[in-house]
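K.L.:
Sharing a structure below in structure tokens format, with a few things to ask.
Computed from the coordinates by the stated procedures, all read-outs in this text should not be read as laboratory data. If you're wondering where the values come from, they're calculated on a predicted model, not measured in any experiment. Glycine also receives a Cβ, built like all others from the backbone with ideal geometry; neighbour counts cover every protein chain displayed.
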Amino acid sequence: MDGIIDLRSDTVTTPTEEMRRAMAEAEVGDDVYGEDPTVNRLQERSAEILGKEAGLFVPTGTMGNQVAVKLHTQPGQEVVVEERGHIYNYEMATMAALSGCLARPVRGERGLLSWGRIEAALAPPVYYRARTGLIALENTHNMAGGTVMTAQETKVITDQAHKRSIPVHLDGARIFNAAVALNTRVSELAGDCDSVMFCFSKGLSAPIGSMLVGKKEFIQEAWRVRKMMGGGMRQVGVLAAAALIALERMPCRLHEDHENAKRLARALAQLPAFQVDPATVETNILIADLSGWTSSQFLPRLKERGVLAGSTGPAQVRFVTHKDVSAADIDKAVEIIVDVCKGQGVF
Ligand SMILES: Cc1ncc(COP(=O)(O)O)c(C=O)c1O
């Protein structure tokens, strides 16, 4: 949308010219038969970059997460998740509907689960309590404000979980943002997690698609579950071609999004209408508390002036930076926000 500064999500990013060209020229085949060469290349490269044995291209992050839940668990088991986690709050209760599992939500510090908090939520080993079938992590953590979990923090959890034979799934929708923020490799952050899902269609700017990676036998089974969920795709190399460019070329520009989120946070921290600590902004997501007004007062006025953001609570808003928002756009958005504050008498 011309002239609109859209800070609702990094999912609004549009494909690059290079992606569009690659899509038009993609070599394709029937992927249900495993015959799409572009998809096969994408799956192999993804597994290699994440340090896992195999990968499976899925249409959405939600499907990737839920295929993993289904494979790791048995009906009647519990899944330990962070209270604000995507897999628990924004995936249509699929773990209950399709896997017969109960979420066991745990509050994490800045959205990040520690072993101590997880251990307290594990089912005790008595026959009359449901077993913990899975621990699900999220890095970066979306609704906690794009917070990052280090490789060491993840390792403590996977080591302890594996001692108890509990698998660990990582929702790494934005794992490349985490790797850039920590100046490390995504394979380090994937660590010993039994499965990892990551998205091409968020900050990496591909139009569609996510990847589930894990051990060979796990991914072989994931093919079956993806088909059950209606995710068997045909000449999907046209999408994999864009995703390959997302994978190879886009991570190196994510630091710009992180700088822009900081830039916005620093500006909002100066305004009495917001409570923002720029030091807490680690990647491309800024969650800001409002002082003296509500998100339903703020957001429509902001929208009238051509700036879009999302509500994450009655007095809380979320701004997400991405490829289609420049530093100049951030400065323009700040000018508009200041005007809106003045108009509302909260400046
Ligand atoms: C952390 C996280 N996980 C999973 C997803 C699901 O991705 P999709 O929208 O492709 O289903 C999202 C989407 O925003 C997300 O933020």
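K.L.:
What residue, among those in the stretch 58-88 that are among the polar types (S, T, N, Q) and more than 10 Å from the ligand (Cβ to nearest atom), is farthest from Ala240 (Cα to Cα)? Write out each step before concluding.
P.N.:
Initially, the stretch 58-88 is screened for residues among the polar types (S, T, N, Q), giving 60, 62, 65-66, 73-74, 77.
Pick out the ones that are also more than 10 Å from the ligand (Cβ to nearest atom) and you get 73-74, 77.
Details: Thr73: 29, Gln74: 32, Gln77: 34 Å.
Top of the filtered list is Gln77.
K.L.:
Still on this structure, please answer the following. Quick check: anything in the stretch 103-120 under 30 Å from Ser205 (Cβ atoms), among the aliphatic types (A, V, I, L, M) and in contact with a strand residue (DSSP E or B) (Cβ under 7 Å, 6 or more places away or on another chain)? Reasoning before the result, please.
P.N.:
Within the stretch 103-120, the first condition is being under 30 Å from Ser205 (Cβ atoms), and the residues that meet it are 108, 110-113.
Adding the requirement that they be among the aliphatic types (A, V, I, L, M) leaves 112-113.
Cutting the leftovers down to in contact with a strand residue (DSSP E or B) (Cβ under 7 Å, 6 or more places away or on another chain) gives us 112-113.
Looking for residues that are under 30 Å from Ser205 (Cβ atoms), among the aliphatic types (A, V, I, L, M) and in contact with a strand residue (DSSP E or B) (Cβ under 7 Å, 6 or more places away or on another chain), one finds at least one in the stretch 103-120, hence yes.
K.L.:
Filter the stretch 223-274 down to the residues that are of a type outside the set (A, V, I, L, M, F, W, C) and in contact with a strand residue (DSSP E or B) (Cβ under 8 Å, 6 or more places away or on another chain) and list them by number. Before the answer, list the steps.
P.N.:
Taking the stretch 223-274 first, the residues of a type outside the set (A, V, I, L, M, F, W, C) are 224, 226-227, 230-232, 234-235, 237, 248-249, 251, 253, 255-260, 262-263, 266, 270, 272.
The answer is Arg226, Gly231.
K.L.:
Same structure again: Looking at the stretch 114-163, which of its residues are over 20 Å from the mean Cα position of the chain (by Cα), not hydrophobic (A, V, I, L, M, F, W, C) and not in a helix (DSSP H, G or I)?
P.N.:
Within the stretch 114-163, Pro124, Pro125, Tyr127, Tyr128, Arg129, Arg131, Thr132, Gly133 qualify.
K.L.:
Enumerate the strands (runs of 3 or more DSSP E) found wholly within the stretch 164-239, keeping only those where 3 or more residues are touching a residue at least 40 places away in the same chain (Cβ under 8 Å).
P.N.:
Numbers: elements: 168-171, 195-199, 210-214.
Result: 195-199, 210-214.
K.L.:
As an exercise: evaluate Ser187 against (1) within 22 Å of Ser9 (Cα to Cα); (2) surrounded by fewer than 19 Cβ atoms within 10 Å (Cβ to Cβ); (3) of a type outside the set (Val, Ile, Thr) and give the number of the one condition it does not meet.
P.N.:
Unmet condition: (1).
K.L.:
Right, here's the next one. Can you tell me how many residues in the stretch 171-211 are out of contact with any strand residue (DSSP E or B) (no Cβ under 8 Å at 6 or more places or on another chain) and closer than 22 Å to Met95 by Cβ?
P.N.:
Of the residues in the stretch 171-211, 1 are out of contact with any strand residue (DSSP E or B) (no Cβ under 8 Å at 6 or more places or on another chain) and closer than 22 Å to Met95 by Cβ.
K.L.:
Okay, moving on. Restricting to the stretch 263-291, name every residue that is touching a residue at least 40 places away in the same chain (Cβ under 8 Å), in a loop (DSSP other than H, G, I, E, B) and of a type outside the set (D, E, K, R).
P.N.:
If the condition is that a residue be touching a residue at least 40 places away in the same chain (Cβ under 8 Å), in a loop (DSSP other than H, G, I, E, B) and of a type outside the set (D, E, K, R), then Leu271, Pro272, Ala273, Val281, Thr283, Asn284, Ser291 are the ones that fit.
K.L.:
Is there any pair linking a residue in the stretch 51-80 that is free of Cβ contacts under 8 Å to residues at least 40 places away in the same chain to one that is in a loop (DSSP other than H, G, I, E, B) and more than 12 Å from the ligand (Cβ to nearest atom), with Cβ under 9 Å and at least six apart or on different chains, and which?
P.N.:
Going by the 9 Å Cβ cut-off, the qualifying pairs are Pro75/Ser99; Pro75/Gly100; Pro75/Cys101.
K.L.:
Could I ask something else about it? Give the stretch 193-225 a look and list any residue that's more than 13 Å from the ligand (Cβ to nearest atom), under 14 Å from Gly64 (Cβ atoms) and buried (at least 24 other Cβ atoms within 10 Å of the Cβ), or say none.
P.N.:
If the condition is that a residue be more than 13 Å from the ligand (Cβ to nearest atom), under 14 Å from Gly64 (Cβ atoms) and buried (at least 24 other Cβ atoms within 10 Å of the Cβ), then Cys193, Ser195, Val213, Gly214, Ala222 are the ones that fit.
K.L.:
Scan the stretch 92-120 for residues that are within 16 Å of Gln152 (Cβ to Cβ) and aliphatic (A, V, I, L, M) and jot them down.
P.N.:
Leu112, Leu113, Ile118
K.L.:
I'd like to check which strands (runs of 3 or more DSSP E) are fully inside the stretch 1-110 and have at least 2 residues that are among the aliphatic types (A, V, I, L, M) and surrounded by fewer than 23 Cβ atoms within 10 Å (Cβ to Cβ).
P.N.:
Values: elements: 54-58, 78-82, 102-106.
In the stretch 1-110, the matching strands (runs of 3 or more DSSP E) lie at 102-106.
K.L.:
Within the stretch 292-330, which residues are free of Cβ contacts under 8 Å to residues at least 24 places away in the same chain and not in a strand (DSSP E or B)?
P.N.:
Thr294, Ser295, Ser296, Leu299, Pro300, Lys303, Glu304, Pro314, Ala328
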